[in-house]
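Q: I have a structure here, written as structure tokens, and I will follow up with some questions on it.
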Protein chains: 2
Amino acid sequence: MRNICVKCSFCGTAYHGFQRQNNSVAVQNVIEASLTRITKADVHINGCSRTDTGVHAREFYFSFRTDSPIPCSGLVKALNSILPGDIAVSGCTDMDDGFHARYSCKGKEYEYMIYNAAVRDPFLDNRALHYPYKLDTDRIAVAGKYLTGRHDFSSFCGYDGLKEDNVRTVTDLRVSRDADMVSVFISADGFLYNMVRIIIGTLLDVNEGRREPDDMPLLLEKKDRCCAGDTAPAYGLYLNRVFY
Amino acid sequence: MRNICVKCSFCGTAYHGFQRQNNSVAVQNVIEASLTRITKADVHINGCSRTDTGVHAREFYFSFRTDSPIPCSGLVKALNSILPGDIAVSGCTDMDDGFHARYSCKGKEYEYMIYNAAVRDPFLDNRALHYPYKLDTDRIAVAGKYLTGRHDFSSFCGYDGLKEDNVRTVTDLRVSRDADMVSVFISADGFLYNMVRIIIGTLLDVNEGRREPDDMPLLLEKKDRCCAGDTAPAYGLYLNRVFY
């Protein structure tokens, strides 16, 4: 059987996340239905990540097994002709048998977009957090630096999301501004449930003076989600890159 | 009575154009309902332009009369707090009694966005025409230049849209490329029904060799919509600027 990996991207606004849902439409439902039509056999895909409702992906991979003889280039064309316009497939490769889009993943980069202007931009509705207050990117970058490295991120894990091992290595946390758009880029070998969104909520606390940048080490030590900030809205979050 | 002009912008995807509709939701319906709530009196607004279903506006003005004493800054805040996220208000001014957002308008600039890449961008779904073929911007710019100046644009007017006077002055028609995004900017003292969209459809005919750039003068002379190209999709069209 072939083991195929597909590279895609999607705007998450219309979907209940990536992972298949029974009573609502997730990206996985739509892709599996399309592949089943194309290959004329039931297809089950494995995504590189679950994503929350409304989260976007500029780069996303999924893998699946199939007996179909359709060449990879044909699968790309067929998928793009069937899938809705808010999902796009840009590549497809036959992989070794051991490859799995999720378990083979070595790391990911997320971007959180904050539109920092007095008036909202209607074209960024559901695509960036509108934050009309003063945003001190230097200050939140200092706080963010404390989170880089290998830590137990239990304080930054949504309730019910804790696992046995909550240690992750954040390899990079950068804050950049391009005119009114502030982006926080976070790369790690893995992410806990809601981790990026809770980090963003906590950095906004730092911006507003409710926390100091050097409160971060103690917050990590607490290993208690109650101690961190609010969970920032899902729609500002983009899965940007996936590392294998 | 005060005569107020409001500057706004909207993503047109969710709306049946700007102009009030009885059986579907237009931008005007939503704004009038909001202003009626805010001023506690029925409000009728006049937009600077009708726009087709799905057309966007980066800059749009409407005017209305009211007895409300709410200062302009308060109206901006109140509107932005009530309006949905795909409509944003950025300014409000008390005008002379004679001002009318539509009749006082001296000209407009539209932009038509064409995403010219092999694979579609899911974040441009409903926001740009995806055109995966070779696009020769120099060639369509030459064709476009023939349309600048004062002409009878009947050939570029949608059926049922013809008026007594179909002469308009196109003050500028530019084609620009930024990586994969090609934009056609058209400024004029006024636009006929579907005029920009038919111009774009005709320019794409020129790109594909079905017409020559220097066919344009004859096409204008024909004064017959049948002779022009298809009407390009509404979702690539943006009202960019309005001149008073």
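Q: Being more than 9 Å from chain A (Cβ to nearest Cβ) and buried (at least 17 other Cβ atoms within 10 Å of the Cβ) is the filter here; which residues of segment B:84-94 pass it?
A: If the condition is that a residue be more than 9 Å from chain A (Cβ to nearest Cβ) and buried (at least 17 other Cβ atoms within 10 Å of the Cβ), then B:Cys92 is the only one that fits.
Q: Moving on to the next point. From the list A:Ala101, A:Ala78, which residue is within 14 Å of another protein chain (Cβ to nearest Cβ) and either over 15 Å from B:Asp121 (Cα atoms) or open to solvent by less than 30 Å² (accessible area, probe 1.4 Å) (or both)?
A: Every option except A:Ala78 fails the conditions.
Q: Anything in segment B:4-33 that is of a type in the set (A, V, I, L, M, F, W, C) and assigned to a helix (DSSP H, G or I)? List them, or say none.
A: Those that are of a type in the set (A, V, I, L, M, F, W, C) and assigned to a helix (DSSP H, G or I): B:Ala14, B:Val27, B:Val30, B:Ile31, B:Ala33.
Q: Looking only at residues that are of a type outside the set (A, V, I, L, M, F, W, C) and open to solvent by less than 40 Å² (accessible area, probe 1.4 Å) in segment B:127-137, which one is farthest from A:Ala14 (Cα to Cα)?
A: B:Thr137
Q: Among residues belonging to segment B:31-44 that are surrounded by fewer than 19 Cβ atoms within 10 Å (Cβ to Cβ) and within 22 Å of the chain's Cα centre (by Cα), point out the one that is farthest from the other protein chains (Cβ to nearest Cβ).
A: Only one residue fits best here, namely B:His44.
Q: Considering (1) more than 13 Å from chain A (Cβ to nearest Cβ); (2) surrounded by 16 or more Cβ atoms within 10 Å (Cβ to Cβ), say which one B:Arg2 fails and leave the rest.
A: Answer for B:Arg2: the failing condition is (2).
Q: Moving to a separate point now. Any residue at all in segment B:114-126 that is touching an Asp or Glu at 6+ places or on another chain (Cβ under 9 Å), over 22 Å from A:Cys11 (Cα atoms), free of Cβ contacts under 8 Å to residues at least 60 places away in the same chain and surrounded by fewer than 21 Cβ atoms within 10 Å (Cβ to Cβ)?
A: Within segment B:114-126, not a single residue is touching an Asp or Glu at 6+ places or on another chain (Cβ under 9 Å), over 22 Å from A:Cys11 (Cα atoms), free of Cβ contacts under 8 Å to residues at least 60 places away in the same chain and surrounded by fewer than 21 Cβ atoms within 10 Å (Cβ to Cβ).
Q: Where residues in segment B:149-172 are open to solvent by 80 Å² or more (accessible area, probe 1.4 Å) and part of a strand (DSSP E or B), which of them is farthest from the other protein chains (Cβ to nearest Cβ)?
A: B:Arg150
Q: Of all residues in segment A:54-75, count the ones that are of a type in the set (S, T, N, Q) and open to solvent by 30 Å² or more (accessible area, probe 1.4 Å).
A: The total comes to 1.
Q: Go over the candidates B:Leu192, B:Leu218 one by one and state the one that is touching a helix residue (DSSP H, G or I) at 6+ places or on another chain (Cβ under 8 Å) and either assigned by TED's automatic domain parsing to the domain that holds B:Asn126 or not in a helix (DSSP H, G or I) (or both).
A: Exactly one of B:Leu192, B:Leu218 is touching a helix residue (DSSP H, G or I) at 6+ places or on another chain (Cβ under 8 Å) and either assigned by TED's automatic domain parsing to the domain that holds B:Asn126 or not in a helix (DSSP H, G or I) (or both), namely B:Leu192.
Q: Another question about this same structure. Could you figure out which of (1) open to solvent by less than 40 Å² (accessible area, probe 1.4 Å); (2) without any contact (Cβ under 8 Å) to a residue 40 or more places away in the chain; (3) under 16 Å from the mean Cα position of the chain (by Cα) isn't true of B:Thr51?
A: (2)
Q: Then there is this: Please find, among B:Val182, B:Val206, B:Val175, the residue that is in a helix (DSSP H, G or I) and open to solvent by less than 40 Å² (accessible area, probe 1.4 Å).
A: B:Val206
Q: Further question: If I filter segment B:5-30 down to residues being over 22 Å from B:Ala234 (Cβ atoms) and among the hydrophobic types (A, V, I, L, M, F, W, C), which single residue comes out as nearest to the other protein chains (Cβ to nearest Cβ)?
A: B:Val6
The values are calculated or read from the model by the stated rules, or taken from the named source; none is laboratory data. Computed from a prediction, not measured in an experiment: that's the story for all the values here. Note that each Cβ is placed from the backbone with ideal geometry, even for glycine, and that neighbours are counted across all protein chains shown. Side chains included, ligands, DNA and RNA excluded: accessible areas come from the protein's heavy atoms. Shrake-Rupley method; radii C 1.70, N 1.55, O 1.52, S 1.80 Å.
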